[in-house]
Amino acid sequence: MHRIPARIALLRRWLAALAAAAPAALSLSAAAGPARPVRREAAPPAKVDYNRDVRPILAENCFACHGADPAKRQAGLRLDTAEGARERLKSGHAALLPGKPGASELIRRVEAKNGLMMPPAATGKSLTPKQVATLKAWVAQGGEYAAHWAYQPLRTPAAPPTPKGLPAGWALNPVDRFIGARLAQEGLRPSPEADRPTLIRRLSLDLTGLPPTPQEVEQFVRDRSPEAYEKVVDRLLASPQYGERMAVYWLDLVRYADTDGYHGDRHRTVYPYRDYVIDSFNKNKPFDQFTLEQIAGDLLPEGTLEQKIASGYHRLNMTTREGGAQAREYIAKYGAERVRTTSQVWLGATLGCAECHDHKYDPYTAKDFYSFKAFFADIKQVGLYSNSDEELDPVLLLPTSGQDAELEKLDARIAGLRKRLDTATPELAEAQGRWEQALKAGTPGVARPPAMIQAVLNVAPEARTPAQQEALAAHFRTVAPELEPTRKELAEQTRLRTALYRAIPKTLVTVAVQPEPVRVLARGNWMDKAGEVVQPGVPQFLSPLPAGRAADRLALARWLVSRENPLTARVFANRMWMLLFGAGLSRSPGDFGAQGMLPTHPELLDWLAAGFAGVSGSGFQVSGSGNSKPETRDPKLATAPWDVKALIRAIVTSRTYRQSSQASKALRERDPYNLLVARQGRFRLEAEFVRDNALAVSGLLTRKTGGRSVKPYQPAGYWDHCNTFAGKLIYDQDHEGELYRRGVYTYWKRSFLHPAMLAFDAPSREECTVERPRSNTPLQALVLMNDPAFVEAARAFAERIMREGGASLPSRLNWAFRRAVARDVTERERGVLVGLYWKHYGEYYRDREAAAQLLGVGEHPVPKDLDAGELAAWTSIARTILNLHETVTRE
């Protein structure tokens, strides 16, 4: 675990190096002839741009020692601001003299070959000749600084005209014009449009996480109307599965899980929040309202049940029940985690780096961190939770109407019985006297009372105080034989209420209390009590909070989605591009700061972000969007549309999105990372969708939306080593339809993530996850071949092949390929699979026990009307098809 920060630092350096190299990589002209491998040491651009060309060099090599953090600043030199760079040092020199590279100390030092060389050799960093040349050209051109691109105010750039040389009618909307202009500038042409089966499969996987049916593919292929493609887009955006697909990514961001994470990693119920997210995306809830409800749903006047559920966002952090934990320490941890998550989700900011000191690369100060943390100081919580789930308060009960009525009845009965037990009567007083006499006489069978009650009994009745008399009477009513039926009835009604309460859906929610003071903690030390007390506030270099309102979470939410805050819309638009192309326009979707990567198409990103936030006042002008009716908004919010479906629609209806992912050798050499977007991306499906795809192809998938988290097949004993307070945990696997629900509903245990999810790079969600890695490991092949869910899916798929694929081997194989990958089987593939079929058919025909073992995997009933040997052979074929790289890849 201690190596992770180092690896992250290495990755950041690699990304920054790639960002610095990108301008060179993209600056080659095609006029010289066929594309050649990129020369990294090309000359600097004729006009040096600070954000594009200079900032990446300084951020990677200089800002650690000469940046925003005064505690780490060397020689009093600050290079992240124009004022600091031009200030005279003690030596009398200035690092930067505009127009005079020869007299600028910065250039002298980076060109030095001795001990004066910067960066020092001890840092392990060095500048390439091209980077030095870029810095010299920059200084010679005036050494102008510019505000960091992500912090500049949002504007709506004019889309360039459609470039000459592109195919007629290629540009369908401004997305294409921005992309096309850059391609024309680089002497490149876009890739041709993907074929129709590929297009609809891509759209279906991107917008719903599920493959299209053969009927949907055929209908789209045959529909040659001008609106055919847009009709598919609108149908998919209106599908209930769209919300499930979008929720998978959002739940990564907000670290949703079904367990508390620390130590025993115990269960807690928050699935109504997950259902809220799915429902919000399906309703196309405006993103500003979506933000408001999660950040401050509990603070809204007359807040709805849905808004209270949304406030559970703040309760998704990890919490501890470990004995010996310091409550104050964990209160500090919870607050710091909320700062990291909220700033990452909405701002793409690494504000968490300022917990112990001023940020080394961005203008976030430690005071900014704790001022931001102060927004969350009003959240009701405890630092150390007990082993009782009842103490996870505040929770919100979500009973059905029947449960609500039954709960009221039980509460009324219990209140009546308690009142009967607490009410003194002459009959009970008389019985109490007999009881006291029996105790005094030592009558056999009369239980001795507790010592405290015995002490009262030893006092003469006439000398007892009123308090003693009441205590004695109250104890007697707990043992009085006359009240035994009432006590039994109370115990039974209490048991019924407890059972009903446990059966009622509930979820963690946020409740505001009087906020605790928040101090700036020196080096993040939670025991420090000497730091400055701060009030809730946003980073000082960004736009201020709305004036005239209390600085609370409601104000924070409104600020996050205000037009004056340039980050939220840019961050979200970039991430939507990432979902639809495999990489964002900025390749660092979690870091929009100085260490992040400049967008490859900054004006396109601004056009998307400005349209999304409604900077021009009207949002995207895209007709026929098929969006559901917007919900009523808080009138105090900005009137920006924040229409998520319109943003996605603007991207997927572009010609750019429809490009083929096939790339020529020349294009791969010219643009290996597809920075110019001269083709579509090709990438493996996310963990949830790998299994969803197999279930959908096989016909096993249950398309029920919402509800509790489910537990599909999992290796026996997988949870045995989870450290708990109550012995081994029992994994109660689900059955029947619940067993085949989508991955978004799979039970998410942070410390023991479902192994198939883990193999395909799903995160533990201990922290906000902005971008999942994509690995390619042997474990993934083992999951696809041997996990019971996939073996069972192959068997169900094989049954469908036999029943629906026709009578001949070729027709069945073709049906299977159309079902799995939306195309016909090739002649070569058919030859291989026919041979495999007859080989396995012979083996299973001879070995019926092996066939029975294969067909017995999973709970799906084995059909009695199909030959076991033939079904087993087709199961082998189905397993092969489901294991194709193409089957688990979106292209």
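The values are calculated or read from the model by the stated rules, or taken from the named source; none is laboratory data. Because the structure is a prediction, the values reported are computed rather than measured. When we count neighbours, we look across all protein chains shown, and the Cβ atoms used for this are built from the backbone with ideal geometry, even at glycine. With ligands, DNA and RNA removed, areas are computed over all heavy atoms of the protein, side chains included. Shrake-Rupley method; radii C 1.70, N 1.55, O 1.52, S 1.80 Å.
Points worth noting:
- L116 meets each of the listed conditions (1) buried (at least 20 other Cβ atoms within 10 Å of the Cβ); (2) over 30 Å from E603 (Cα atoms); (3) among the hydrophobic types (A, V, I, L, M, F, W, C) apart from (1).
- Taking the numbered list (1) at positive phi; (2) open to solvent by less than 40 Å² (accessible area, probe 1.4 Å); (3) of a type in the set (G, A, S) in turn, S543 passes all entries but (1).
- Cβ separations smaller than 7 Å between residues 6+ apart or across chains give the following pairs from region 591-611 residues that are closer than 14 Å to W577 by Cα to residues that are outside any helix (DSSP H, G or I) and of a type in the set (K, R): D606/R155.
- The residues of region 554-571 that are outside any loop (DSSP other than H, G, I, E, B) and either open to solvent by less than 10 Å² (accessible area, probe 1.4 Å) or within 18 Å of L605 (Cβ to Cβ) (or both), listed by number, are A555, L556, A557, W559, L560, L567, T568, A569, R570, V571.
- Residue list for region 660-714, filter: assigned to a loop (DSSP other than H, G, I, E, B) and of a type in the set (D, E, K, R): D671, R679, R682, E686, R703, K704, R708, K711
- Among the candidates R823, R830, R819, the residue that is open to solvent by less than 50 Å² (accessible area, probe 1.4 Å), in contact with a Pro (Cβ under 7 Å, 6 or more places away or on another chain) and not acidic (D, E) is uniquely R819.
- Scanning region 291-304 for residues that are within 25 Å of R245 (Cβ to Cβ) and in contact (Cβ under 8 Å) with a residue 40 or more places away in the chain gives T291, L292, Q294, I295, G297.
- Put simply, of Q215, Q241 the only residue that is among the polar types (S, T, N, Q), surrounded by 15 or more Cβ atoms within 10 Å (Cβ to Cβ) and at pLDDT 95 or above is Q241.
- Selection within region 330-378 - in a loop (DSSP other than H, G, I, E, B), polar (S, T, N, Q) and open to solvent by 20 Å² or more (accessible area, probe 1.4 Å): T365
- Of the residues making up region 127-168, those that are more than 28 Å from L183 (Cβ to Cβ), assigned to a helix (DSSP H, G or I) and not charged (D, E, K, R) number 6.
- Scanning region 45-69 for residues that are open to solvent by 30 Å² or more (accessible area, probe 1.4 Å), within 39 Å of the chain's Cα centre (by Cα) and at pLDDT below 85 turns up just one, P45.
- Residue within region 639-659 that is within 30 Å of R750 (Cα to Cα), open to solvent by 40 Å² or more (accessible area, probe 1.4 Å) and part of a loop (DSSP other than H, G, I, E, B) present: no
- Selection status of S280, free of Cβ contacts under 8 Å to residues at least 60 places away in the same chain, small (G, A, S), within 27 Å of Q344 (Cα to Cα) and crowded, with 21+ Cβ neighbours inside 10 Å: yes
- Just one of the listed residues (A678, A696) is within 26 Å of Q241 (Cα to Cα), in contact with a Leu (Cβ under 7 Å, 6 or more places away or on another chain) and crowded, with 21+ Cβ neighbours inside 10 Å, namely A696.
- Of the numbered criteria (1) closer than 14 Å to S311 by Cα; (2) open to solvent by 10 Å² or more (accessible area, probe 1.4 Å); (3) in contact with a helix residue (DSSP H, G or I) (Cβ under 6 Å, 6 or more places away or on another chain), the one E293 fails is (2).
- Every pair of residues 6+ apart whose Cβ atoms lie under 8 Å, when the first sits in region 152-167 and is under 30 Å from L542 (Cα atoms) while the second is open to solvent by 80 Å² or more (accessible area, probe 1.4 Å) and part of a loop (DSSP other than H, G, I, E, B): P153/E564; L154/R563
- Whether a residue is in contact with a Lys or Arg (Cβ under 9 Å, 6 or more places away or on another chain), at pLDDT 95 or above and outside any helix (DSSP H, G or I) was assessed, and R750 passes this test.
- For region 841-891, the set of residues classified as open to solvent by 40 Å² or more (accessible area, probe 1.4 Å) and part of a helix (DSSP H, G or I) consists of Y841, E843, Y845, R846, R848, E849, A852, Q853, E870, R879, T880, listed by residue number.
- Of the residues screened, G727 is not one that is modelled with pLDDT of 95 or more and more than 24 Å from the chain's Cα centre (by Cα).
- Tabulated pairs, region 513-534, first under 22 Å from K380 (Cα atoms) and part of a loop (DSSP other than H, G, I, E, B), second open to solvent by 60 Å² or more (accessible area, probe 1.4 Å) and acidic (D, E), C-beta under 7 angstrom, 6+ apart or interchain: V520/E532
- Scanning region 458-485 for residues that are small (G, A, S) and either part of a helix (DSSP H, G or I) or in contact (Cβ under 8 Å) with a residue 24 or more places away in the chain (or both) returns A463, A467, A471, A473, A474, A480.
To keep it simple, each residue is scored yes or no on (1) at pLDDT below 95; (2) closer than 29 Å to S751 by Cα; (3) open to solvent by less than 20 Å² (accessible area, probe 1.4 Å).
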{"residue": "S191", "(1), (2), (3)": "no, no, yes"}
{"residue": "P197", "(1), (2), (3)": "no, no, no"}
{"residue": "I200", "(1), (2), (3)": "no, no, yes"}
{"residue": "S225", "(1), (2), (3)": "no, no, no"}
{"residue": "D234", "(1), (2), (3)": "no, no, no"}
{"residue": "W250", "(1), (2), (3)": "no, yes, yes"}
{"residue": "V254", "(1), (2), (3)": "no, yes, yes"}
{"residue": "D258", "(1), (2), (3)": "no, yes, yes"}
{"residue": "R268", "(1), (2), (3)": "yes, yes, yes"}
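- Residue match in region 298-305 (condition: closer than 30 Å to E193 by Cα and of a type in the set (S, T, Y)): no
- Scanning region 771-778 turns up one or more residues that are closer than 13 Å to L251 by Cα and either within 18 Å of the chain's Cα centre (by Cα) or surrounded by fewer than 21 Cβ atoms within 10 Å (Cβ to Cβ) (or both).
- Here T600 fulfils each of the conditions (1) in a loop (DSSP other than H, G, I, E, B); (2) modelled with pLDDT of 95 or more; (3) closer than 23 Å to G209 by Cα apart from (3).
- When residues of region 136-189 are limited to those that are open to solvent by less than 70 Å² (accessible area, probe 1.4 Å) and among the acidic types (D, E), the one modelled with the lowest pLDDT: E186
- Beta carbons closer than 7 Å, at least 6 apart along the sequence or on distinct chains, never pair a first residue in region 428-457 that is closer than 13 Å to A480 by Cβ and touching a residue at least 24 places away in the same chain (Cβ under 8 Å) with a second that is of a type in the set (D, E, K, R) and assigned to a loop (DSSP other than H, G, I, E, B).
- Filter pass, S311 being of a type in the set (S, T, N, Q) and under 30 Å from P641 (Cβ atoms): yes
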